[in-house]
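The values are calculated or read from the model by the stated rules, or taken from the named source; none is laboratory data. Just so we're clear, the structure is a prediction, and the values are computed from it rather than from any experiment. In this analysis, Cβ positions are derived from the backbone assuming ideal geometry, glycine residues included, and neighbour counts consider all displayed protein chains. Accessible surface areas use protein heavy atoms only, side chains included; no ligands, DNA or RNA. Shrake-Rupley method; radii C 1.70, N 1.55, O 1.52, S 1.80 Å.
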Amino acid sequence: MSADETDENIVLKIDNSSVIIKKRDLISNSDYFKAMFESDFVEKTLKVIPLKGVDLKAMNIILKLISDDSYDDEDILIVLQTACMLQFRNIKKVCLERITELLSWKTSLEIWLVTEQLDVQPLFLKAKRLSLEEFVMVKETDSILQLNLQQLCSYLGHVNLKTDNELSVFQTAMKWWYENGKVYKENYMKIILQLLSCVDYKKLLNTHMNEIITYPDLANVKEIREVLECLAQMHRGLTTMEFSGNCQEIAEKLLLPCRSRYLASCPCILVECKNAKKDVNSMIYYDSNGKQFKKFFTIDDPKYESLEGCKFIGYKEYVFMYGGEYLIGRGKWNYNLWVFDTIRERWERKCVLPYPRRHFDTCIVGTKLFITGGTGTFRVTQENTFWYDFKNDKWSTQLRLPFFDRHLKCCCFSNKYFILSISNKCGYFLIDEDFGNWMKMPLNIDDSLLKNQSDFGLFTYEDKFYVKGKDLIEFTSTGDKITVSSVKNITNKDCDKMEITVCDDTVYTLYEYRLDNKETFSLERYHMKTGRIDFIFQDIDNDSIIEADGEQFKFSKTLKLFSFNHYSLVDTNEVINDSFNV
């Protein structure tokens, strides 16, 4: 093709409008038009090219971006769709960068649905994970009302949807129905049942069931009302003999096959690049479906080099790194609370810690990050706690602990901040943060159990909490005391350090101990439902290789383990009940 030919103007006909552009600009920016004009297609010699299914405004924005990639427009999702359709490579890249910056709980649902259709990974998985985790916020937006039936049910019924309660899921489904139901009047019964199948009725209170039965468009239709009344009877464990066989069958399909929702999370561990000339620290996570480690992110050297006694913790789409001291004893403290944004894949400094601290215990309760105990300046053991409120971007003052224990542990239990002292045989709930009021809970435990633990961790599961060392000790809070409800021996091996995290029904424990005079590591899985124990790896030392995405790693100088709701874990579209799929 000659220079004169590429310099000629081409007219793109879109919706009876004409868009004029140089042929060379189309060829150099679009693989679609490059193939059209440089191959033996009929359009090769045409001066006017009709384009069907292309948005006119999006095409005009693309032409502006070709000459000025800093041009911005709010219709960036439509531009992305057109750029993908017509294979404008650089324009697609610009769109993805801008959409990533725009991604928040407010935009997550719309971005998920558009980018999933285009199979733009990992952006659509990031948007999907965010919309599922932030349902409590997303449900209040108008984006819910713009979904079609299949999209709504895939969202509300998703097993990874994080909801405050199942009544909210039902109310959101009905809010959509009152806005869109008139389109589906011909299949009324079928559609209503599909909406109802998005709710986990096993998690509803009886009062919630009563509220559902009285909803307009449900209570007024005999067939629906009878199904719901039958369902309410089943929910209470009462007989349903007065209802028809068909009614009982439908109610059973709504109640019995329902899967429980869960937070899809995975264990993350800190490692170093095996063959790097200097220490390069990275986080890798374990994909239990693929049974392999995958690379998560790299930690910049200035942030972590020589830092000891810090902590990592996952919160929503962020990973926090905070606390610690650079070369212990030098007085060079890490006051920064660093945040790795997993959507935009970059580090930022969130805020500054008001007090220096290392080798502390930590947990998140609601929107607050607690830092408890540990060591402060002049190597003084701290007998206090303080916290950061994410919502208000504010640090608390130090609150004195009600007891002294170098080995205390803290966690979120019953949606409250809870600290446990094995040596003092008591636990405390913080019931008033403003006035520092604690509720003491005596710990009824045999001394022989205490002596059997070397290092140990504390975690909660369902309505109980657990101490895990050599034994797994289950505790139940009853009235004003805490009692041991079960004990299971896990290991007879003493360890120097351990880190524990919980992912759905699995407890991961990372052990560090000496074996054959070498620092040795094991990553254990304990399955809470079955009591089965297995290992992802066992008895490996610092010369061993851990592979992740084709790279080789070894253990870092410090033991770090935490759980995170990684976006790759929401790739499937499993729903809690697929009995009524259309």
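The residue pairs whose first member lies in segment 529-557 and is over 24 Å from CYS503 (Cα atoms) and touching a residue at least 60 places away in the same chain (Cβ under 8 Å), whose second member is open to solvent by less than 80 Å² (accessible area, probe 1.4 Å) and part of a strand (DSSP E or B), and whose beta carbons are closer than 6 Å, counting only pairs six or more residues apart or on different chains, are ILE545/GLN552.
Hey, which of the helices (runs of 4 or more DSSP H) in segment 154-233, taking only ones fully inside, have at least 3 residues that are in contact with a Cys (Cβ under 9 Å, 6 or more places away or on another chain), free of Cβ contacts under 8 Å to residues at least 60 places away in the same chain and within 19 Å of CYS258 (Cα to Cα)? Give the derivation first.
On the way: elements: 166-180, 188-196, 206-213.
Result: 166-180.
From VAL467, VAL487, VAL502, which residue is open to solvent by less than 20 Å² (accessible area, probe 1.4 Å) and not charged (D, E, K, R)? Spell out how you get there, then give the answer.
Numbers: VAL487 fails: open to solvent by less than 20 Å² (accessible area, probe 1.4 Å); VAL502 fails: open to solvent by less than 20 Å² (accessible area, probe 1.4 Å).
From the options VAL467, VAL487, VAL502, the qualifying one is VAL467.
Give the residues of segment 252-285 that are modelled with pLDDT of 90 or more, closer than 30 Å to GLU226 by Cβ and open to solvent by 40 Å² or more (accessible area, probe 1.4 Å), sorted by residue number. Passing the criteria: GLU252, LYS253, ARG259, SER260.
Of the helices (runs of 4 or more DSSP H) lying entirely inside segment 1-106, the ones with 1 or more residues being touching a residue at least 60 places away in the same chain (Cβ under 8 Å) and exposed (fewer than 15 other Cβ atoms within 10 Å of the Cβ) are found at 89-102.
Given the structure, is ASP200 in contact with a Lys or Arg (Cβ under 9 Å, 6 or more places away or on another chain), on the phi < 0 side of the Ramachandran plot and open to solvent by 40 Å² or more (accessible area, probe 1.4 Å)? Outline the logic, then answer.
Numbers: in contact with a Lys or Arg (Cβ under 9 Å, 6 or more places away or on another chain): yes; on the phi < 0 side of the Ramachandran plot: yes; open to solvent by 40 Å² or more (accessible area, probe 1.4 Å): no.
The answer is no for ASP200.
ASN289 passes every criterion in (1) assigned to a loop (DSSP other than H, G, I, E, B); (2) at pLDDT 90 or above apart from (2).
Conditions tested, residue by residue: (1) surrounded by fewer than 20 Cβ atoms within 10 Å (Cβ to Cβ); (2) acidic (Asp, Glu); (3) at pLDDT 95 or above.
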position	(1), (2), (3)
MET498	no, no, no
TYR513	yes, no, no
MET528	yes, no, yes
PHE555	no, no, no
SER563	no, no, yes
ILE576	no, no, yes
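Which of (1) β-branched (Val, Ile, Thr); (2) farther than 21 Å from HIS566 by Cα; (3) open to solvent by 20 Å² or more (accessible area, probe 1.4 Å) is the odd one out, the single condition THR163 does not satisfy? With (1) β-branched (Val, Ile, Thr); (2) farther than 21 Å from HIS566 by Cα; (3) open to solvent by 20 Å² or more (accessible area, probe 1.4 Å) applied to THR163, the lone miss is (2). Counting only strands (runs of 3 or more DSSP E) that fall entirely inside segment 412-488 and contain at least 1 residues that are among the small types (Gly, Ala, Ser) and either farther than 28 Å from LEU561 by Cα or free of Cβ contacts under 8 Å to residues at least 40 places away in the same chain (or both), the qualifying elements are 416-421.
Of the listed requirements (1) closer than 20 Å to THR385 by Cα; (2) open to solvent by 50 Å² or more (accessible area, probe 1.4 Å), TYR428 misses just one: (2).
The combined condition, being of a type in the set (A, V, I, L, M), at negative phi and surrounded by fewer than 20 Cβ atoms within 10 Å (Cβ to Cβ), is fulfilled by LEU147. Scanning segment 362-371 for residues that are open to solvent by 20 Å² or more (accessible area, probe 1.4 Å), within 20 Å of ILE299 (Cβ to Cβ) and either without any contact (Cβ under 8 Å) to a residue 12 or more places away in the chain or part of a strand (DSSP E or B) (or both) turns up at least one hit.
Matching residues to (1) on the phi < 0 side of the Ramachandran plot; (2) surrounded by fewer than 21 Cβ atoms within 10 Å (Cβ to Cβ):
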site	(1), (2)
ASP287	yes, yes
GLY290	yes, yes
LYS295	yes, yes
LYS303	yes, yes
LEU307	yes, no
PHE312	yes, no
VAL319	yes, no
TYR322	yes, no
LEU327	no, yes
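Given the criteria within 13 Å of LYS468 (Cβ to Cβ), among the basic types (Lys, Arg) and in contact (Cβ under 8 Å) with a residue 12 or more places away in the chain, does ARG514 qualify? Please lay out each step first, then the result.
Values: within 13 Å of LYS468 (Cβ to Cβ): no; among the basic types (Lys, Arg): yes; in contact (Cβ under 8 Å) with a residue 12 or more places away in the chain: yes.
In short, no.
Scanning segment 262-305 for residues that are under 30 Å from ASN165 (Cα atoms) and of a type in the set (Ser, Thr, Tyr) yields TYR262, SER265, TYR285, TYR286, SER288.
So which residues in segment 124-135 are touching a helix residue (DSSP H, G or I) at 6+ places or on another chain (Cβ under 7 Å) and over 13 Å from LYS106 (Cβ atoms), if there are any at all? Matches in segment 124-135: PHE124, LEU125, LYS126, LYS128, ARG129, LEU132.
Considering only residues in segment 530-547 that are in a strand (DSSP E or B) and β-branched (Val, Ile, Thr), the one that is least open to solvent (accessible area, probe 1.4 Å) turns out to be ILE546. Just one of the numbered conditions (1) in contact with a Ser or Thr (Cβ under 7 Å, 6 or more places away or on another chain); (2) closer than 21 Å to TYR318 by Cβ is not true of GLU110: (2).
The set of residues in segment 287-318 that are within 16 Å of the chain's Cα centre (by Cα) and over 22 Å from ARG346 (Cβ atoms) comprises ASP287, SER288.
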